[in-house]
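Scroll down for the structure; my scribbles are underneath it.
The values are calculated or read from the model by the stated rules, or taken from the named source; none is laboratory data. Just so we're clear, the structure is a prediction, and the values are computed from it rather than from any experiment. When we count neighbours, we look across all protein chains shown, and the Cβ atoms used for this are built from the backbone with ideal geometry, even at glycine.
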Amino acid sequence: MSDLLPWIGFLLAVVVIWIAGASYLRRRRAGAAAAVIGADYGSFLLHALSNAAAIDGRIDDAERGAIVEAMSQATGAPFPRDDVDAALTRTALSKDDLVAYLSLQGRQFSLEQKTELLKGLLSVAMADGRFQEREHAIYLDYIAAVGFEHETAPQIMQQLVHDLAANKYS
């Protein structure tokens, strides 16, 4: 047993260093995103929706329309399509940056705002008529980042997709 103690100590040190490194990287990504987004929910929502539209490498009019609709619902007023078009040309933040930002800054957002984010993301994802596996995985990460348990994420997503398909969000 005493021969194993150095190895156990080494493995513990590796795990601690890995966790600290991952935490540092997440804070760094969140900080970079915060520098672009600020602390405003509306700005974050616009960035998240714009990046969601660009996930598959193409942005079509249906996705633009879904972003305009989601932003209009979030702001309570008609949202300018020109602002969406401008945001779509600035999709410099990665999904990992946005998830890190949401994980650290999301405590400031209400449950209603987080649910609104998920509805908007699904609306954009489904606007082009395709919901690809890559999009599915990314939205599971968003669900976990807003504070829902990763184990329940598929059920949450399934309910949101069902409600969206039933036109409950119009």
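Of all residues in the stretch 80-112, which are within 13 Å of the chain's Cα centre (by Cα) and assigned to a helix (DSSP H, G or I)?
Lys95, Asp96, Asp97, Leu98, Val99, Ala100, Tyr101, Leu102, Ser103, Leu104, Gln105, Gly106
Inspect the stretch 43-54 for any residue being at pLDDT 75 or above, within 19 Å of Ala127 (Cα to Cα) and assigned to a loop (DSSP other than H, G, I, E, B) and give the result as yes or no.
Yes.
Do you know which of the residues in the stretch 68-88 that are among the hydrophobic types (A, V, I, L, M, F, W, C) and farther than 20 Å from Ser110 by Cα is surrounded by the most Cβ atoms within 10 Å (Cβ to Cβ)?
Of everything passing the filter in the stretch 68-88, Val84 is surrounded by the most Cβ atoms within 10 Å (Cβ to Cβ).
Farther than 25 Å from Met126 by Cβ, surrounded by 10 or more Cβ atoms within 10 Å (Cβ to Cβ), over 13 Å from the mean Cα position of the chain (by Cα) and of a type in the set (A, V, I, L, M): is that true of Ala34 in this structure?
Criteria met by Ala34.
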